[in-house]
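Read through the structure below, which is laid out as structure tokens, and then see the notes.
Read the figures in this text as sums done on the coordinates, not as results from a lab. What you see is a predicted model, and the numbers here were worked out from it, not measured in a lab. With ideal geometry, Cβ positions are generated from the backbone for all residues, glycine too; neighbour counts draw on all protein chains shown.
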Amino acid sequence: MSHKDVMAVCPGSFDPVTLGHLDVVERAVALFGGVIVGVGRNSTKNYLFSFDERMQLTRDAMAHMDGVRVLPIDGLLTDFCRLQGATVIVKGLRNSTDFDYELQMAQLNAALSGIETVLLPGSRQYGTISSTLLREVALNNGDIAQFVTPEVDAAVRAKVSGSVG
Ligand code: PNS
């Protein structure tokens with residue numbers, strides 16, 4: 001079976017979606033036959049954006065990509081993959097902190113379902129930016145425009161100005 005016959009899932013919290021996420025999804029599209037972006041919940045995280053907002057911002061940011069669908073993950077990621085006929089999970093890997101976390105999740109997901117995880121090293125131009133750090137910069141009135149789409153930048157500004165006071 002060729003990798004072009006494989007349906008891949010790119011899962012994440014996307015709180016908010018960044019140019020780093022778009023890069024990983026674009027590269028997954030080049031590698032596999034189809035890509036589903038799964039917007040999930042990590043119950044240990046406090047989110048800036050609601051689930052619906054994260055879905056909408058991610059959908060809008062990826063609307064220009066052919067063959068990419070953005071869907072909500074309800075429940076386990078591995079159940080979502082099975083339901084969608086996906087056999088590979090693709091995630092970006094920025095550094096060794098990511099690696100430890102991603103290795104655990106990859107092993108757990110493989111044990112739960114047999115689904116393989118492919119880790120793509122982050123592209124150099126996106127460095128080690130994370131949604132967590134961008135939220136921190138934005139909450140302190142910093143400018144994150146170089147790391148996100150104009151729509152996400154506007155949404156973050158609106159959210160932050162609404163939450164301060
Ligand atoms: O961007 P994140 O926060 O690393 O994404 C984490 C996410 C949403 C992919 C992960 O929390 C997830 O898969 N959630 C669905 C529930 C689940 O399957 N949890 C076990 C993962 S090992």
Amide H contacts under 5 Å for ILE73, placed H, 5+ residues apart
VAL39, GLY40
Return PHE51, PHE32, PHE80 ranked ascending by Cβ neighbour count within 10 Å, so the fewest neighbours appear first.
PHE51, PHE80, PHE32
Taking the highest mean first, how do the peptides 134-140, 61-67, 33-39 order by number of other beta carbon atoms within 10 angstrom per residue?
33-39, 134-140, 61-67
Going residue by residue through region 53-68, the Karplus relation 6.51 cos²θ - 1.76 cosθ + 1.60 with θ = phi - 60° gives ³J(HN,Hα) values, rounded to whole Hz and with x marking Gly or Pro, of 5, 5, 4, 5, 5, 5, 4, 5, 5, 10, 4, 7, 8, 5, x, 10
Rounded to the nearest Å, the spacing of the alpha-carbon centers of region 48-83 and region 128-165 is 20
Listed peptides 149-157, 110-118 by packing density, highest first (mean Cβ within 10 Å):
149-157, 110-118
So for the chain: antiparallel DSSP bridges make up what percent, rounded to the nearest 5?
0
Under the rule of -39500 (n - 2.57) per DSSP H run of 4 or more residues, summed and divided by the residues of the chain, what mean residue ellipticity at 222 nm is obtained, to the nearest 500 deg cm²/dmol?
-14000 deg cm²/dmol
Starting from the amide H of VAL9, placed 1.01 Å from N in the peptide plane, find each other amide H under 5 Å away whose residue is 5 or more places distant or on another chain.
ILE36, VAL88, ILE89, VAL90
Relative to the longest principal Cα axis of the chain, at what angle does helix 96-113 sit, 0 to 90 degrees, rounded to 10?
40
Could you run the Karplus curve 6.51 cos²θ - 1.76 cosθ + 1.60 with θ = phi - 60° over region 10-27 and give me ³J(HN,Hα) per residue in whole Hz, x for Gly and Pro?
9, x, x, 7, 6, 10, x, 5, 10, 5, x, 4, 4, 4, 5, 5, 4, 6
Evaluate the relative contact order of the chain (contact order divided by residue number), counting alpha-carbon pairs under 8 angstrom at least 6 apart; express in whole percent.
26
How high is the FRET efficiency between LEU71 and GLN104 when r is their beta carbon distance and R₀ equals 22 Å, given to the nearest 0.05?
0.35
